[in-house]
Amino acid sequence: MERPVELARMEEGAGITRAGVHLAVGVFFVVGALLNGENLLATAETMEHGSPARTVCVAAARPLAAAARALHLGAPRRAIEAWVDRISAP
Amino acid sequence: MLFPTVTFAIFFVLAYTGHWLLHRRPLAWKWFLLAASYVFYGYWDWRFLLLIGGSTVLNHGFAVALARAAAPGRRRMLVAAAVASNLGTLGFFKYYGFFVVNVYAACASLGIPCPLPLLDVVLPVGISFFTFQAMSYVIDVHRGTIRPAASCLDFAVYLAFFPQLVAGPIVRASTLLPQIERPAMPARIDIGRASILILVGLFKKIVVANALATGIVDPVFDNPENFGALDTLFAVYGYCIQVYCDFSAYSDIAIGIALLMGFHFPINFDAPLLAASFQEFWRRWHLSLSTWLRDYLYFPLGGSRGSAARTSTNLFLTFVLGGLWHGAGWNYLIWGALHGAFLVVERILRVGTGVLSLPRRLAGIAATFHLLGFSLMFFRARTLGDSFALMRSLAEWTAPTLVSATVLAAMAAGFAAQAFDGDRARRLWDAWARWPAWVQGAAAAVILTVICALGPRGVAPFIYFQF
């Protein structure tokens, strides 16, 4: 019987060290938050008014959105969204 | 808390950080994981925590009592009580409304008052998944294949572990419990596999499943009488691909997230839309449920040990009950019965045995896909009347209004996404892991941004949350 993929990979020692994973995850969240900062803020603002989750999300997203605007990091996403809107217009 | 949302991203950053900071202190680590999982689950409705907490205490109590009991009669009584209490809980939350409505209808037709009260019972998210996990834990202890968890805390973490809590995969205690009881975090993490699983899962959900749902499936299935044959046909094809992308996306993301935290879950999907028979389909689709049904229902019913007629009956019954697992409704029952019937017919005709030539394999894939679509017409439709309206629409040849390039591209992308199932993307996983760690993080962020930009605004709940 074929070895389950998750066990085979574990036995092979596939992947990278834990420190490397932490670095990759950290970079992912920082870069992802900056590239999507303006959308994160817009999404957070649509959450239920007065809810603690909204307060936390808006507080976290506001500086990200400001940084993304200052560095023009929202431009790639806006360009893709404009392209999608164009091709899906009736 | 849905995976592809800001709320989950914030939650995951905190859960991931706490998990890795505390993993060398097992007791604090377990309490932290339990608290994080309960926050994740209680975010829907804090009252659900009473249910999962009660289920934890009850099932662990049964398991410990089973391990201590020596007399076969007492052990049988304990396991029967555990199964009955789990099925009773599931039955009340999931099937009470359906049962009462049908009793009301029967009583009304006989002209007698219905003795049962109508209650507005809220269906707790993921109840079917964690109840099945809890049941298999007690049954496995009864069978002697596992020992009870070392503590109730270990079992509580196992049952509530957030990546797989609300929509599977149904990870058996024999797989996950040892990883919780003796946390030996791996020195190396399979980040290539985790990243690809999460990104492909997000693509399947945010882009493909949402595009198909809004572009063709929901409009046609919600108003079947308004559309002609081609729209209906493509909506059915679209739903086959949507339900695969939606459900496998959740499993992929769950497996990927668990992997980043050092846990190993078994795969749940293996390119099911390429199955050339229903036997093969059920070896590729929702594997954690199909193997659960096999081990805890089909085998106890007798499996294939008896006559051909008995085997067919066992198979059929297993799938009828598997259909009902998805929800209380005639549509799910018919869907399960159809799959049971397809499997029985395949056994009789000996379809799907042996190696197939390419033309026969392609014919088998096409036939299985179309029969799957037929069964899903019942599964997805709001009412049985809508299912029949869909079938009538297939005979009305009018110009399609919803079959657009976007819909066709989404269908093609969803079908192609099966190339990442199982271990087919092994080379890509390894290639990804060879990049410097910061490049991996940045690349994943860029791909995520593209996925979010390609998808429709907003994220619909995963289909399998309702089960």
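The values are calculated or read from the model by the stated rules, or taken from the named source; none is laboratory data. None of the values given here were measured: they were computed from a predicted structure. Glycine gets a Cβ as well: all are built from the backbone with ideal geometry, and neighbour counts include every protein chain shown.
If A:LEU40 satisfies every condition in (1) more than 12 Å from B:GLY441 (Cβ to Cβ); (2) touching a strand residue (DSSP E or B) at 6+ places or on another chain (Cβ under 6 Å) but one, which is the exception?
Unmet for A:LEU40, out of (1) more than 12 Å from B:GLY441 (Cβ to Cβ); (2) touching a strand residue (DSSP E or B) at 6+ places or on another chain (Cβ under 6 Å): (2).
So, in region B:160-178, of the ones that are under 30 Å from B:LEU448 (Cα atoms) and not in a loop (DSSP other than H, G, I, E, B), which residue ends up farthest from the other protein chains (Cβ to nearest Cβ)?
B:ALA160
If only one of B:ALA184, B:ALA258, B:ALA213 is within 14 Å of chain A (Cβ to nearest Cβ) and surrounded by fewer than 23 Cβ atoms within 10 Å (Cβ to Cβ), which one is it?
Every option except B:ALA184 fails the conditions.
Mind checking which helices (runs of 4 or more DSSP H) fall wholly inside region B:314-423 and carry at least 3 residues that are of a type in the set (D, E, K, R) and on the phi < 0 side of the Ramachandran plot?
Correct list: B:358-380.
Mind counting the residues in region B:202-231 that are touching a Pro at 6+ places or on another chain (Cβ under 9 Å) and either part of a helix (DSSP H, G or I) or of a type outside the set (Phe, Trp, Tyr) (or both)?
14
If I filter region B:294-306 for residues that are of a type in the set (Lys, Arg), closer than 22 Å to B:LEU448 by Cα and either in contact with a Gly (Cβ under 7 Å, 6 or more places away or on another chain) or without any contact (Cβ under 8 Å) to a residue 40 or more places away in the chain (or both), do I get at least one hit?
Looking for residues that are of a type in the set (Lys, Arg), closer than 22 Å to B:LEU448 by Cα and either in contact with a Gly (Cβ under 7 Å, 6 or more places away or on another chain) or without any contact (Cβ under 8 Å) to a residue 40 or more places away in the chain (or both), one finds none in region B:294-306, hence no.
Conditions (1) hydrophobic (A, V, I, L, M, F, W, C); (2) closer than 26 Å to B:ASP218 by Cα; (3) not assigned by TED's automatic domain parsing to the domain that holds B:PHE93, marked per residue:
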position: B:PHE319; (1), (2), (3): yes, no, yes
position: B:GLY327; (1), (2), (3): no, yes, yes
position: B:ALA337; (1), (2), (3): yes, yes, yes
position: B:GLU346; (1), (2), (3): no, no, yes
position: B:PHE379; (1), (2), (3): yes, yes, yes
position: B:PHE388; (1), (2), (3): yes, yes, yes
position: B:TRP397; (1), (2), (3): yes, yes, yes
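Report, by residue number, each residue of region B:266-282 that is more than 14 Å from chain A (Cβ to nearest Cβ), among the aliphatic types (A, V, I, L, M) and in a loop (DSSP other than H, G, I, E, B).
Once the filter is applied, which keeps residues that are more than 14 Å from chain A (Cβ to nearest Cβ), among the aliphatic types (A, V, I, L, M) and in a loop (DSSP other than H, G, I, E, B), region B:266-282 yields B:ALA275, B:ALA276.
Is there a residue in region B:167-176 that is within 24 Å of B:LEU333 (Cβ to Cβ) and either modelled with pLDDT under 85 or surrounded by fewer than 13 Cβ atoms within 10 Å (Cβ to Cβ) (or both)?
yes
Among the residues of region B:392-405, what is the count of those that are surrounded by 15 or more Cβ atoms within 10 Å (Cβ to Cβ) and out of contact with any Phe, Trp or Tyr (no Cβ under 8 Å at 6 or more places or on another chain)?
So the count comes out to 2.
Can you tell me which residue among B:VAL13, B:VAL39 is part of a helix (DSSP H, G or I), in contact (Cβ under 8 Å) with a residue 24 or more places away in the chain and farther than 18 Å from B:TYR250 by Cα?
After ruling out the rest, the residue left standing is B:VAL39.
So if I check each of A:ARG54, A:ARG3, which one is within 30 Å of B:LEU287 (Cα to Cα), within 11 Å of chain B (Cβ to nearest Cβ) and free of Cβ contacts under 8 Å to residues at least 12 places away in the same chain?
A:ARG3
Matching residues to (1) under 29 Å from A:ALA19 (Cβ atoms); (2) at pLDDT 90 or above; (3) in a helix (DSSP H, G or I); (4) within 8 Å of chain A (Cβ to nearest Cβ):
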residue: B:GLN440; (1), (2), (3), (4): yes, yes, yes, yes
residue: B:VAL446; (1), (2), (3), (4): yes, yes, yes, yes
residue: B:PRO461; (1), (2), (3), (4): no, no, no, no
residue: B:TYR464; (1), (2), (3), (4): no, no, yes, no
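Name the single residue, out of those in region B:9-24 being in contact with a Phe, Trp or Tyr (Cβ under 8 Å, 6 or more places away or on another chain) and not β-branched (Val, Ile, Thr), that is surrounded by the most Cβ atoms within 10 Å (Cβ to Cβ).
In this case the residue turns out to be B:ALA15.
Output the number of the condition that A:MET10 fails; it satisfies all remaining conditions of (1) surrounded by 14 or more Cβ atoms within 10 Å (Cβ to Cβ); (2) in a helix (DSSP H, G or I); (3) more than 7 Å from every other protein chain (Cβ to nearest Cβ).
Result: A:MET10 passes all but (3).
Would you confirm, using the coordinates I've provided, whether B:PHE234 is touching a residue at least 60 places away in the same chain (Cβ under 8 Å) and in a loop (DSSP other than H, G, I, E, B)?
Taking the combined requirement at face value, the residue does not satisfy it.
Somewhere in region A:20-35, is a residue surrounded by fewer than 12 Cβ atoms within 10 Å (Cβ to Cβ) and at pLDDT 85 or above?
Checked region A:20-35: no residue is surrounded by fewer than 12 Cβ atoms within 10 Å (Cβ to Cβ) and at pLDDT 85 or above.
State which residue is surrounded by the most Cβ atoms within 10 Å (Cβ to Cβ) when the search covers only region A:36-51 and only residues that are more than 8 Å from chain B (Cβ to nearest Cβ) and touching a residue at least 24 places away in the same chain (Cβ under 8 Å).
So the residue we want is A:GLY37.
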